[in-house]
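All remarks here apply to the structure that follows.
The values are calculated or read from the model by the stated rules, or taken from the named source; none is laboratory data. These numbers were taken from a predicted model, which means no experiment stands behind them. So basically every Cβ, Gly included, is an ideal-geometry build from the backbone, and we count neighbours across all protein chains shown.
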10 protein chains.
Amino acid sequence: MISNRDEVTRMILSAKVAKGIKWTDVAAAIGLSKEWTTAACLGQMTFNKAQAEIIGEVFGLSDEAMAWLQVTPSKGSLPTAVPTDPLIYRWYELVNVYGSTIKELIHEEFGDGIMSAIDFSMDLQRQPDPNGDRVNVVLSGKFLPYKSY
Amino acid sequence: MISNRDEVTRMILSAKVAKGIKWTDVAAAIGLSKEWTTAACLGQMTFNKAQAEIIGEVFGLSDEAMAWLQVTPSKGSLPTAVPTDPLIYRWYELVNVYGSTIKELIHEEFGDGIMSAIDFSMDLQRQPDPNGDRVNVVLSGKFLPYKSY
Amino acid sequence: MISNRDEVTRMILSAKVAKGIKWTDVAAAIGLSKEWTTAACLGQMTFNKAQAEIIGEVFGLSDEAMAWLQVTPSKGSLPTAVPTDPLIYRWYELVNVYGSTIKELIHEEFGDGIMSAIDFSMDLQRQPDPNGDRVNVVLSGKFLPYKSY
Amino acid sequence: MISNRDEVTRMILSAKVAKGIKWTDVAAAIGLSKEWTTAACLGQMTFNKAQAEIIGEVFGLSDEAMAWLQVTPSKGSLPTAVPTDPLIYRWYELVNVYGSTIKELIHEEFGDGIMSAIDFSMDLQRQPDPNGDRVNVVLSGKFLPYKSY
Amino acid sequence: MISNRDEVTRMILSAKVAKGIKWTDVAAAIGLSKEWTTAACLGQMTFNKAQAEIIGEVFGLSDEAMAWLQVTPSKGSLPTAVPTDPLIYRWYELVNVYGSTIKELIHEEFGDGIMSAIDFSMDLQRQPDPNGDRVNVVLSGKFLPYKSY
Amino acid sequence: MISNRDEVTRMILSAKVAKGIKWTDVAAAIGLSKEWTTAACLGQMTFNKAQAEIIGEVFGLSDEAMAWLQVTPSKGSLPTAVPTDPLIYRWYELVNVYGSTIKELIHEEFGDGIMSAIDFSMDLQRQPDPNGDRVNVVLSGKFLPYKSY
Amino acid sequence: MISNRDEVTRMILSAKVAKGIKWTDVAAAIGLSKEWTTAACLGQMTFNKAQAEIIGEVFGLSDEAMAWLQVTPSKGSLPTAVPTDPLIYRWYELVNVYGSTIKELIHEEFGDGIMSAIDFSMDLQRQPDPNGDRVNVVLSGKFLPYKSY
Amino acid sequence: MISNRDEVTRMILSAKVAKGIKWTDVAAAIGLSKEWTTAACLGQMTFNKAQAEIIGEVFGLSDEAMAWLQVTPSKGSLPTAVPTDPLIYRWYELVNVYGSTIKELIHEEFGDGIMSAIDFSMDLQRQPDPNGDRVNVVLSGKFLPYKSY
Amino acid sequence: MISNRDEVTRMILSAKVAKGIKWTDVAAAIGLSKEWTTAACLGQMTFNKAQAEIIGEVFGLSDEAMAWLQVTPSKGSLPTAVPTDPLIYRWYELVNVYGSTIKELIHEEFGDGIMSAIDFSMDLQRQPDPNGDRVNVVLSGKFLPYKSY
Amino acid sequence: MISNRDEVTRMILSAKVAKGIKWTDVAAAIGLSKEWTTAACLGQMTFNKAQAEIIGEVFGLSDEAMAWLQVTPSKGSLPTAVPTDPLIYRWYELVNVYGSTIKELIHEEFGDGIMSAIDFSMDLQRQPDPNGDRVNVVLSGKFLPYKSY
């Protein structure tokens, strides 16, 4: 009896290591970006029926688990408000150090409003560099203005 | 008597509004990106002497304030661990929702290590879009591997 | 020398009590809803130039203060994560008690996504009732779907 | 052996996904609003005997589980003080951004007191809109005045 | 220029010590209970015009301060979530140790609902006792039932 | 194997619901107040041998569980520093809003010291009222003075 | 205008350093232990009139400051829940490491109850030791039993 | 399979209640103070091989459990930063109320440094008193000076 | 079915105590420093295939467990933000007391930037000393400068 | 009127920037290490009279400020439990990632006890390296064993 999406995420992670599956292969299997696919497998997005069946096949999940993949999950992948994992912390630090800068520059360019985290996409690539390869990430979010009424 | 960088940041913000200065103009004045320049003006980066003098002129700062601009500041621009401002929160949410995804994909591509938040640059642009313009942000950070020893 | 919007908010509150001004009168003066106008006066929204001048006249503000009213503020009006004021706490409690219900019902009706807090409006009215008048609040927010990519 | 209501909530959620039950159908089955019914199924309200038996039949619960549905639960559906799920967070943000506004406007209209979160009802509807459908929520709470004594 | 009620509370406390005023005398002056009067002087309740003028005379307050006494304050008198003062902590401990007991007994007697903290009064008296006098406190709050809808 | 009192509390709660036992009946069975008895059953007080045996019979507990009822428990019945359950929160709010008032009035009457939460009793009764019945609670705690030395 | 005891504590500390006063001399001046006297000077205890006048003379305080010394203060001398100062932290660590031990041993000897922190005294002495002198602290608190009722 | 010391502590507590063992008897069995012995049984100190075998016999532990008794544990016996149990809280309160006093007096007597919590012992005794017996606790810790270098 | 690295860490710790294995022997077995090896066994570093097999043999792990040793773990070994274990706390205290000093001295020597915690190594040795042996720890981290762009 | 050491620290920092003083020069002036000297100037250590006078001359401090330099300060240089400054955070991260490793290795080598943070010294040096210079830090702390009693 499965009572939340986290249990399915744990099944996926367990199968992934046991079977040596790669996220890029999972993404190829459902024909979407590796970014969205991985987030969805980690319990942050909702699969439709066809996608859930492919994911179920890839990781060997039960019908019940596949049903849960189609239920909108309770999101948020950090166990603590300030993340302790060094890789994820560096991103938190970017928000901490550059947060006020991002706010100022978006407001200077667009006025009052936000960059959407829902109408949003991300693309992460390796950028070869003689001084050591770099992680290149492009974030794209729709600007949503505050309106007076 | 100035005893920390925050006081200088407040002087800069006060002068910026009073004089109607734009961050892009400040960046042009010191010949660097608007992202780095704004972060530095907001107390997150260190100016060299020549830059500090230009900044001092732009905002009408005292010699003492200019001296402080050349001192490495205590960084971090968020007043609380979880930011309350909606624009900045969306970025925190991205780290929360996509944090584990970013971690998985960087490790799959590069192995154990992090994306540097120090050897790092950011470029923020408006991307015209018929469905509403988008905020496009390119983040570039050197990959730093953990090494066994 | 003003260095943040909070100082202007304090000036407005001080003048409001000293002069006995009502929020509904302020709203009438700028021709917008009392909800948006009050939020803006309390430092949560950005005024345009014409509005800022009217507000400045109503509360007797300096030119510098009026300039700050046109700068996008750092938002969030609660001094603590869990509010202590009984009236505001009741709203926090609604989110706490009904939060999972709202989530379930929106997802059942719309699928995965959120109700926007930016493309949003609020209307608060007294509803006469023989058992004691009621506060009636209508919240309207655009549904924003998560999209796969 | 069941020792708290949370266990029953998990049984309900598990059965809901496994059987593909909809909240609106559950509400129809007990003849109450979808808002109250969902909150009650999620462990925030107390069922009477007749309601508990219908719920038990819908979700296939044991007699012991049905007995627990009639016990007043320990309420609060958020796992953290500041919710991490994007949909629920938007509501928290509304309280954060508009909290002081709501307080000012209720006090201006009614004087000192609160809007009850107990003598309260909620109605959530889809509002069709050519620019994208909207979530419309009507909240109604009795005004309770503070009295001197 | 006064911009919040806390400043008036500090004026009252300062005058109280300087002039050696007693709370029971203040209560007698406005003809209400010492409990409500003290809470109001400490910034937790709202005075009407006539009461504010008496309070103003007792403590020697300015007209502006008296105006603030008539504005509903932002409530909550504890500087931290868990109080550090030993006397106040004992009350927090009572809620901590007896909280679940109070909940069980009210639900057993009244069903699902709460004891109002708004339609509420308190009476605190010295109870002589040969083993050491006791503090006797009577709390009275209206029961408010949750209603299904 | 039982290793803490919480496990026994869970057994009691489970049996209570399954058997439909009332706290007032349990109190009658051991001949003490319903307030103390309920607190003790919820793991906040220590039973003596005779009481533990009666409790054990009422709820059908094992000898090992009865032994644990006679061990002083680790007290505190709130899962979070600020309680989320609406009924218990109202009590926390009373401490928050009236805390400084209680402190002032006890000190004015008794001098420096505290109201004991140990040499303490509580009596909770329904008070019929045409405007809606009220919860009446009498708290009695010995005054303990600070002494200089 | 003084509005809380903390301001008087700061005056005392300022005068103490400027004049090179020792706590033991202050204690001798009012004829009480150095432990109680220091705690009282640091804003944790209440002086009577005669004592306040001596303290006022020793530290050169105004009449208003002396009046505040006779008002029961809001107690608690730690700025954070977990103290950061190494000396004070060691005491917090003792409570952390030995807390459960102290609880077990007091209950084994006395039964359910507490060691009073109000009917309490402390004596701190240097104990010469060839391996390095030791700090010896004797704590004495009345045992207060929980009573059933 | 045992994977941390806490599991052994739970076995000890379970056996203690089931068998009615007293801490003073355990201390006598290994020939050390009741304070150190209890702390060690509660997972705060490390036993040597001979001691572990005696403890194992007293409580009926397996060889694996006895091996864990000889591994230095991860220390700290409080589940929350601010303890909720009334007895342990009183000790936390002592640190809170008297912390700055202890700091001042140790520095006045010894200079800059700390009282060790490692080179430390504690002795807890009942002190008969006609006004109610008292808990007497002697704490002895080596003074460790900060040294310049 | 293993679903995270923590489970493998618990297996390793369990086997270590049961078999009496030493970290220095594990380090010798894989031919790396005891510092890196221990950190990796405790779930903070990633093993390669050959290393994982040796570790698997030393501790008697399953193939699935060995696969998990090669997956980059979610790092951070402290259960709370401020550690409670006395040994680990001393290190936290060093960061607390000396943090601003380290920052000042690195900036004075190197300019703005950080000492890497990724391109980093540590060497911990016993240093014999007639006044009591000392723990000597050498930390070496690459300096990474902030660059303007 | 100075009432705490922090005010003196701010004077020192203000003078340091205004006069362009280096920590290594301050250390040379009082003939001690740059590590201890900087920590002391930042309010973490206590100067003796002779040292205070030199520091006073270097930074141009008043007699009152010099007196405060000789008073043991309240220590701890981090404004938040988890530091936000990137350089200091890296050190916190080391404690987080390597904390359990350090604990295991010290216990394996020395048995139960701690590495003193009081009988402690630190030496920070630049280590030239063709791949980028490194920060080398040697920490030396006396091992203090827990003793049974």
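The table below gives the values:
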quantity: Residue within segment C:60-83 that is more than 14 Å from chain E (Cβ to nearest Cβ), part of a loop (DSSP other than H, G, I, E, B) and more than 24 Å from A:A117 (Cβ to Cβ) present; calculated: yes
quantity: Where a residue in segment F:7-32 is more than 12 Å from F:V58 (Cβ to Cβ) and in a helix (DSSP H, G or I) and its partner, wherever it lies, is aromatic (F, W, Y) and at pLDDT 95 or above, with Cβ under 6 Å and at least six apart; calculated: F:V8/F:W68; F:V17/D:W68
quantity: Which listed residue, of E:S74, E:S62, is more than 19 Å from the chain's Cα centre (by Cα) and on the phi < 0 side of the Ramachandran plot; calculated: E:S62
quantity: Unique residue being free of Cβ contacts under 8 Å to residues at least 40 places away in the same chain, in contact with a helix residue (DSSP H, G or I) (Cβ under 8 Å, 6 or more places away or on another chain) and among the small types (G, A, S) when the list is A:G111, A:G132, A:G60, A:G99; calculated: A:G99
quantity: Residue tally, condition under 20 Å from C:P83 (Cβ atoms) and loosely packed, with under 14 Cβ neighbours inside 10 Å, over segment D:120-144; calculated: 0
quantity: Selected residue (only one of E:I102, E:I118, E:I88 is modelled with pLDDT of 95 or more, of a type outside the set (S, T, N, Q) and more than 16 Å from the chain's Cα centre (by Cα)); calculated: E:I102
quantity: Some residue of segment A:37-54 being of a type in the set (A, V, I, L, M) and within 23 Å of D:L42 (Cβ to Cβ); calculated: yes
quantity: Checking H:A117 against (1) part of a helix (DSSP H, G or I); (2) of a type outside the set (V, I, T); (3) crowded, with 18+ Cβ neighbours inside 10 Å; (4) more than 14 Å from chain F (Cβ to nearest Cβ), the condition it does not meet; calculated: (1)
quantity: Which numbered condition H:D6 fails, given (1) farther than 20 Å from I:D85 by Cβ; (2) within 12 Å of chain F (Cβ to nearest Cβ); calculated: (1)
quantity: Subset of segment I:128-144 [touching a Lys or Arg at 6+ places or on another chain (Cβ under 9 Å), facing chain J (nearest Cβ under 7 Å) and not charged (D, E, K, R)]; calculated: I:G132, I:V135, I:N136, I:S140, I:G141, I:F143
quantity: In segment H:18-44, the residues that are surrounded by fewer than 20 Cβ atoms within 10 Å (Cβ to Cβ) and within 9 Å of another protein chain (Cβ to nearest Cβ); calculated: H:A18, H:G20, H:K22, H:T24, H:L32, H:S33
quantity: Search result, residues across segment E:81-110 that are in contact with a strand residue (DSSP E or B) (Cβ under 6 Å, 6 or more places away or on another chain) and farther than 16 Å from F:V137 by Cα; calculated: E:P86, E:L87, E:R90, E:E93
quantity: Out of H:A28, H:A39, sole residue that is within 29 Å of F:G76 (Cα to Cα), among the aliphatic types (A, V, I, L, M) and outside the structural domain of H:D123 (by TED's automatic domain parsing); calculated: H:A39
quantity: Which numbered condition J:E109 misses (of (1) more than 18 Å from the chain's Cα centre (by Cα); (2) among the charged types (D, E, K, R); (3) part of a strand (DSSP E or B)); calculated: (3)
quantity: Selection count where residues are surrounded by fewer than 20 Cβ atoms within 10 Å (Cβ to Cβ) and facing chain D (nearest Cβ under 7 Å), scope segment C:95-109; calculated: 2
